[in-house]
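One structure is given below, encoded as structure tokens.
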Amino acid sequence: MGARTDGLSRSAFLVLLALADQPAHGLAIIDRVADATGGEVRLGPGTLYGTLQKLVADGLIRETAAPDPADDDPRRRYYRLTPKAQREVRQEAVRLRSLVQAAVDRRILEDQ
């Protein structure tokens, strides 16, 4: 996921968005994505863990300690954004905003 002109994949963007404010484990990421999309997207385990593996390999997320020691379960792996991911997720959000604005400008969407 180095330099790209077409942006992050949808699942990668949603996972990074789910991790933007604090670290989380897999099930929490699935829940955050579902919440962020109003239930429209429910990542399955294969998609989630494949995406996590790719994001780790690309240096966009890394494993970290549980944010709350009381919530620590040795079976869970917690992930957090790297500085590189913070830049990339912001760039992707800006790219998506410009596409939405183009849809508003062409009267495909109404300006809210």
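Relative to its Kirkwood radius, the Cα radius of gyration of the range 46-106 gives an Rg/Rh of 1.16. Note on the chain: with neighbouring protein chains present and a 1.4 Å probe, carbon and sulfur make up 49 percent of its accessible heavy-atom surface. Rounded to the nearest 20 debye, the dipole magnitude of the range 19-112 is 400 debye, with +1 charges on Lys and Arg beta carbons, -1 on Asp and Glu beta carbons, and the Cα centre as origin. Counting only protein chain heavy atoms and rolling a 1.4 Å probe, the accessible areas of Glu110, Glu92 rank, largest first, as Glu110, Glu92.
If eta is 0.692 mPa s and T is 37 °C, what Stokes-Einstein diffusion coefficient results for the chain, Kirkwood Rh from Cα pairs, in µm²/s? Rounded, D is 219 µm²/s. Pairs of Cα atoms nearer than 8 Å and 6+ residues apart set the relative contact order; for the chain it is 29 percent.
Leaving out ligands and nucleic acids, note down the accessible area per residue over the chain with a 1.4 angstrom probe, in whole Å².
Values: 7400 Å² over 112 residues.
Here the residues of the chain average 66 Å² of exposed surface.
Give me the net charge of Ala85's neighbourhood, meaning all other residues with Cβ under 11 Å from the Cβ of Ala85; Lys, Arg count +1, Asp, Glu -1. Every neighbour counted, the sum reads +2. With just the Cα atoms defining each centre, how far is the range 51-66 from the range 31-48? Give it in Å. The distance from the Cα centre of the range 51-66 to that of the range 31-48 comes to 18 Å.
By how many nm would the segment from Lys84 to Ala70 grow when fully extended, if each residue of separation counts as 0.36 nm and the alpha-carbon distance is taken off? Don't jump to the answer; show the numbers that get you there.
On the way: separation 14, 0.36 × 14 = 5.04 nm, distance 2.92 nm.
Between Lys84 and Ala70, full extension yields 2.1 nm more.
Taking the longest Cα principal axis of the chain as reference, the axis of helix 45-57 is set at about 90 degrees. Highest mean packing first, where packing is the average number of other Cβ atoms within 10 Å per residue, the peptides 96-102, 74-80, 47-53 line up as 47-53, 74-80, 96-102.
The values are calculated or read from the model by the stated rules, or taken from the named source; none is laboratory data. Keep in mind that this is a model prediction, so the values were computed, not measured. Reconstructed Cβ throughout: ideal geometry from the backbone, glycine too, with neighbour counts over all protein chains shown. The protein model used for the area step is the full one, side chains on, heavy atoms only, and it has no ligands, DNA or RNA in it. Shrake-Rupley method; radii C 1.70, N 1.55, O 1.52, S 1.80 Å.
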